[in-house]
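As structure tokens, the structure follows; a few thoughts come after it.
The values are calculated or read from the model by the stated rules, or taken from the named source; none is laboratory data. Here the structure is a predicted model, which means the values were calculated and not measured. Because the Cβ atoms are built from the backbone with ideal geometry, glycine has one as well, and the counts that use them run over all protein chains shown.
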Amino acid sequence: MTTLQTVRLNGADREVAAGSTLRDLVSDLTGHVLRDDGSRVDGGRLGVAAALGGAVVPRSRWAVCTVADGDEVEIVTAVQGG
């Protein structure tokens, strides 16, 4: 049985598996499979930034940055507009 914890993701509570990483959350949110360095497996551009507790986490650290119960996570995507 998977133990769940609640994190605040982009302002809304979300249940995630204990031990989840920022890479896991970004992958879930974007629907893209990611390498340990945070790049897309298919080679496409991601255009995403992630912050934990208000601090931006470099993409190269997403795979080792675990989230804990009650953590605040922001995942933002770049959009082009005019």
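Among the candidates R45, R59, single out the residue that is farther than 18 Å from R14 by Cβ, at pLDDT below 95 and not acidic (D, E). Matching residue, one of R45, R59: R45. The strands (runs of 3 or more DSSP E) found entirely in the chain that carry 3 or more residues being of a type in the set (G, A, S) are 48-52.
Looking across the stretch 13-38 at every residue that is among the hydroxyl-bearing types (S, T, Y) and modelled with pLDDT of 95 or more, the one that is farthest from T77 (Cα to Cα) is identified as S20.
With respect to the conditions (1) in contact (Cβ under 8 Å) with a residue 60 or more places away in the chain; (2) on the phi > 0 side of the Ramachandran plot, V73 falls short on a single one, namely (2).
Being surrounded by 16 or more Cβ atoms within 10 Å (Cβ to Cβ), among the hydroxyl-bearing types (S, T, Y) and out of contact with any Lys or Arg (no Cβ under 7 Å at 6 or more places or on another chain) is a property that S39 lacks. Only one of the numbered conditions (1) in contact with a strand residue (DSSP E or B) (Cβ under 7 Å, 6 or more places away or on another chain); (2) without any contact (Cβ under 8 Å) to a residue 24 or more places away in the chain is violated by R59, and that is (1). With respect to the conditions (1) exposed (fewer than 14 other Cβ atoms within 10 Å of the Cβ); (2) of a type in the set (D, E); (3) farther than 17 Å from L4 by Cα, D69 lacks only one, and its number is (3). Set side by side, the residues T21, T2 differ, and just one is surrounded by 16 or more Cβ atoms within 10 Å (Cβ to Cβ) and among the hydroxyl-bearing types (S, T, Y), which is T21.
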